[in-house]
Amino acid sequence: MPATRFINKNSIAVQLLTAVFSIYFVITLVVTIVHILAEYRDTKTYIQKNLKEYYNTFSPALAHAMWGLDSAQIEAILKGMLNISSIKGIKLINEKNEIVMTMGSTTEEAAGDAIPEGINLFGHTAPVLYSAVDTQYKELKLGTVTLYSSRTVVIQRVRLGVTFIIVNALIKTAALWLIFLWVSRHFLSRPLKALTSATREIDLDNLEDMKINAEVIRDNEFKVLEQSFNSMIENLRVAVSIRQQTEIELIHAKEMAETASRAKSEFLSNTSHELKPPMNAIIGMSHAVLNTELKPDQKKYMQKVDGSAKSLLGIINNVLNFSKIDSDQMKINSVEFFLEDVLNNVHARYYDSAQKGKLGFSVEISDTVPNALTGDQNRLEEVLGHLL
């Protein structure tokens, strides 16, 4: 029988592969999400650090423009700062906490580095300090400036990294799937397929050259299974050999018993046939003598001879019947006879024995019993004789 493919959706290899990689996929998904969140947080921290550096770069010029109340220069500086991709909005406030100028996306709630709930912006707020000769190099706070960025900037920055992380996870998953599939086929499916094919080819009538090879080199579970199957085959070989030897002995014993039975039956049959003619002659001669005029003692002796001869003839007939039954040669004749004749013969045969035992022996036939019958008269007489 050709071996069927062992890799299918219900195979152990596929089920194991599915279970392992389902767990691996969940773990990889969780790790990837944590990695993306960490990347998002690090990128946001980096942008906030950049906002602080941008503030340090533009702060002296902005402080000088605010000291000179030069609105045009302030606007130019803010526009220059807004050209930076990380900066999405700027808000400038004087020392009286009045808004001097705003550009881009700003919010009144976004103060300092905090990100209020539901607001897409985050920023960096710092004081505008002016220090020059006319202030004796003392730092004067002219107001505060807030540089805003947004989560959209962070997402744009991490998009490439996130894409790489996802692609990397998918590539690793696919590669591990293929590697694990190859390994499972090589170390799991192939030995199982070899064991299955070999066990299907086991023939109890041809175990001499039968040996299972699971195609495994290392001493693992499949090697133990292979050795167990080969040990089982060896035990089967011994059991079959013993069974075959026992069958041969039983057949020989049966043949010997049948031969002995046939010999016994033939011996009994031959002996019975050889004894019946002399016994019939003795019975015939005794009847002839009994029909002549005899003295009472002589008649009595001849009657005993006649009864004994008939008894011996009955025994010989029984032996002959048993031999026929043993050799399956027993036949039942079907002829017409009278029941009265059968009973008279039985009465005549066993009357003297009943008298000797001081027993009464008579024959009565009911009117409801038919006299003319069809069957084997001799067998019926034998049965009635055995009953008596």
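Just so you know, all these numbers are worked out from the coordinates, no wet-lab data involved. Everything quoted here is computed from the prediction, not taken from an experiment. We place every Cβ from the backbone using ideal geometry, glycine too, and count neighbours over all the protein chains shown.
Ordering of 314-320, 25-31 by packing is 314-320, 25-31, highest average first (other Cβ atoms within 10 Å, averaged per residue).
Peptides 359-371, 169-181 ranked from most to least packed by the mean count of surrounding Cβ atoms within 10 Å: 169-181, 359-371. Listed by chain and number, the lysines whose alpha-carbon sits under 30 Å from that of K223, ignoring those within fewer than 8 places in the same chain, are K9, K193, K211.
The trypsin sites (Lys or Arg not before Pro) of segment 283-388 that DSSP puts in a loop, and whose beta carbon has at most 10 other beta carbons within 10 Å, are K331, K358.
Sort segment 269-388 into rounded, prolate or oblate with this rule: let a ≥ b ≥ c be the square roots of the eigenvalues of the Cα gyration tensor; rounded if a/c is under 1.5, and if a/c is not under 1.5, prolate when a/b is larger than b/c, oblate otherwise. Oblate shape, in that a/c is at least 1.5 and b/c is the bigger or equal ratio. Which pairs break 22 Å Cα to Cα here: K52/K79; K88/K141; K264/K304? Too far apart for the 22 Å limit: K88/K141; K264/K304.
Each peptide in 239-250, 78-89 receives the mean, over its residues, of other Cβ atoms within 10 Å, and ordering these scores from highest gives 78-89, 239-250. Under the rule a/c < 1.5 gives rounded, and otherwise a/b versus b/c splits prolate from oblate, where does segment 159-202 land using the Cα gyration tensor? Prolate.
Each Lys and Arg Cβ is given +1 and each Asp and Glu Cβ -1; about its Cα centre, segment 328-388 then shows a dipole of about 320 debye.
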